[in-house]
Amino acid sequence: MSPPAAPWPTLSGARSSALKGDRELTVRLNDSAAVAAYRRETPASMTLKIDKLRAKMAWQKTIVPLASAKVVAARQLVSGNIRLTVRSTREAKLLRTHQEGHTAAGD
């Protein structure tokens, strides 16, 4: 008799939720006005807005790898910070590298 199948997709024994965590990053908002502005946004409009800011930053600073990243989801946490989900762990690493000194408000 074989063991029951796992209730989630696996990759090398890792849960899909653990893999998703590798694709997420948190952007800290230090400005209360920015927190309030994002509270009025829907997750879909927030995702579009943040992805446009990412593209603008890539173009202004000519960071070619950053231009290839894509934010697929964004949501505001209870703390006011923004949780971003990107397509891959490589893109998450790239955004973490270039996140220093910036906020989701586009500073």
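Each value in this text was obtained by applying a stated rule to the coordinates, not by laboratory testing. Keep in mind that what you see is a predicted model, and the values were worked out from it rather than measured. No Cβ is skipped: glycine too gets one built from the backbone with ideal geometry, and neighbour counts run over all protein chains shown.
Here are some notes:
- Linear extension gain, residue 87 paired with residue 68, 0.36 nm per residue minus alpha-carbon span: 5.8 nm
- Residues whose placed amide H lies under 5 Å from that of residue 87, excluding near-sequence neighbours: 70, 72
- FRET efficiency, residue 78 to residue 57 (Cβ-Cβ, R0 22 Å, nearest 0.05): 0.25
- Proxy reagent accessibility, fewest Cβ within 10 Å first, across 57, 46: 57, 46
- Fully extended contour minus Cα-Cα distance, from residue 26 to residue 40, at 0.36 nm per residue: 3.2 nm
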